[in-house]
């Protein structure tokens with residue numbers, strides 16, 4: 001592995017959270033575990049290569065996908081879970097995303113339990129970036145005083 005691909009313990013790993021994965025103001029474990037289409041690998045962005053705001057823009061504007069906001073866990077927090085691996089996975093096509101990486105759940109027996117642990121850490125840290133306007137041009141009501 002090249003030095004610039006090394007994960008540092010204090011590095012944050014950003015996760016886009018779909019609006020349906022927010023319950024009572026908290027991120028659910030669903031946001032931090034792969035779905036069947038993900039082939040046991042969860043997409044994230046590396047804090048050493050981007051910001052929460054920039055990866056939100058790539059995801060919602062360039063890729064035109066839905067996100068309520070960006071939550072994150074640290075590399076150190078993922079390392080406390082046995083058999084959870086991190087993979088550098090920069091994307092080039094169709095949209096360049098050099099900060100893209102994966103949390104590999106291949107060797108995880110109980111993805112729901114691991115997702116719950118990661119969501120707990122992310123909820124403690126709080127939302128790292130969100131937009132006052134929802135994705136896909138849906139307006140959020142603003143109350144003027």
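Can we say residue 48 is touching a strand residue (DSSP E or B) at 6+ places or on another chain (Cβ under 7 Å), surrounded by 16 or more Cβ atoms within 10 Å (Cβ to Cβ), modelled with pLDDT of 95 or more and under 24 Å from residue 131 (Cα atoms)? Answer is no for this residue.
Among residues of the range 37-50 that are within 17 Å of residue 112 (Cβ to Cβ), none has a beta-carbon under 7 Å from a residue that is at pLDDT below 95 and not in a strand (DSSP E or B) at least six positions away or on a different chain.
Does the range 56-66 contain any residue that is assigned to a strand (DSSP E or B) and modelled with pLDDT of 95 or more? Let's see the steps before the verdict.
First pass over the range 56-66, keeping only residues assigned to a strand (DSSP E or B): none.
Within the range 56-66, none of the residues are assigned to a strand (DSSP E or B) and modelled with pLDDT of 95 or more.
Annotation: of all residues in the range 1-27 being under 20 Å from residue 59 (Cα atoms) and either at pLDDT below 95 or out of contact with any strand residue (DSSP E or B) (no Cβ under 7 Å at 6 or more places or on another chain) (or both), the one that is surrounded by the most Cβ atoms within 10 Å (Cβ to Cβ) is 22. Going by what's in this entry, would residue 36 be described as surrounded by fewer than 18 Cβ atoms within 10 Å (Cβ to Cβ) and at pLDDT 95 or above? Taking the combined requirement at face value, the residue does not satisfy it.
When only residues in the range 59-95 that are more than 27 Å from residue 108 (Cβ to Cβ) and touching a residue at least 12 places away in the same chain (Cβ under 8 Å) count, which is nearest to the chain's Cα centre (by Cα)? Spell out the reasoning first.
As a first pass, look at the range 59-95 and keep what is more than 27 Å from residue 108 (Cβ to Cβ): 60-62, 64, 92-95.
If we keep only those that are touching a residue at least 12 places away in the same chain (Cβ under 8 Å) too, we end up with 60, 62, 64, 95.
Values: 60: 13, 62: 16, 64: 16, 95: 17 Å.
Looking at the filtered set, the residue picked out is 60.
Could you tell me whether residue 126 is within 14 Å of the chain's Cα centre (by Cα) and surrounded by fewer than 15 Cβ atoms within 10 Å (Cβ to Cβ)?
Values: within 14 Å of the chain's Cα centre (by Cα): yes; surrounded by fewer than 15 Cβ atoms within 10 Å (Cβ to Cβ): yes.
In short, yes.
Residues in the range 88-116 that are surrounded by 15 or more Cβ atoms within 10 Å (Cβ to Cβ) and in contact with a helix residue (DSSP H, G or I) (Cβ under 8 Å, 6 or more places away or on another chain): 9 in all.
The values are calculated or read from the model by the stated rules, or taken from the named source; none is laboratory data. Just so you know, these numbers come straight off a predicted model, no measurement behind them. With ideal geometry, Cβ positions are generated from the backbone for all residues, glycine too; neighbour counts draw on all protein chains shown.
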